[in-house]
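Here the structure comes first, spelled out in structure tokens, and everything after it is commentary.
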Amino acid sequence: MISSVNVTTAATELVAASHNRTLLILQNVSDTDMYLKLDSSATEVTVANGLKLAAGDPPLIITCKPGQFTNAVRGIHGGAGNKDLRVQQETFI
């Protein structure tokens, strides 16, 4: 299932942690670059240290075995208002 997630100018959890994740697709369908944090470090994501997912770029696709990529995904953008991130996640049952 594909869901739409609001990304704001404050760091926010966009995708919850999952031990059973096998596929994660993130697509920025907004007009503003987004910055993501995929690791579990204590450092909060900012526009200066996040992984850039540019507006209009192809989606970020992560495939993994269950238990390999379990972290939550946090994100932020540097524009104004709410921006739209499309998320598809598949899990192993």
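For this structure, a couple of remarks:
- Screening the candidates M1, M34 for the property of being touching a His at 6+ places or on another chain (Cβ under 6 Å) and within 23 Å of T70 (Cβ to Cβ) yields one hit, M34.
- Odd one out for L36, checked against (1) open to solvent by 40 Å² or more (accessible area, probe 1.4 Å); (2) under 11 Å from the mean Cα position of the chain (by Cα); (3) modelled with pLDDT of 95 or more: (1)
- Region 71-80, residues that are modelled with pLDDT of 95 or more, surrounded by 12 or more Cβ atoms within 10 Å (Cβ to Cβ) and either over 11 Å from the mean Cα position of the chain (by Cα) or over 14 Å from T22 (Cα atoms) (or both): V73, R74, G75, I76, H77, G79
- Filtering L23, L14 for residues that are part of a strand (DSSP E or B) and surrounded by 15 or more Cβ atoms within 10 Å (Cβ to Cβ) leaves a single hit, L14.
- Enumeration of residues in region 42-62 that are outside any loop (DSSP other than H, G, I, E, B) and within 23 Å of A10 (Cβ to Cβ): L51, K52, L53, L60
The values are calculated or read from the model by the stated rules, or taken from the named source; none is laboratory data. What you are looking at is a predicted structure, and each value in this text was computed from that prediction instead of being measured. Glycine gets a Cβ as well: all are built from the backbone with ideal geometry, and neighbour counts include every protein chain shown. Just so you know, the surface numbers come from the protein's heavy atoms only, side chains and all, with ligands and any DNA or RNA stripped out. Shrake-Rupley method; radii C 1.70, N 1.55, O 1.52, S 1.80 Å.
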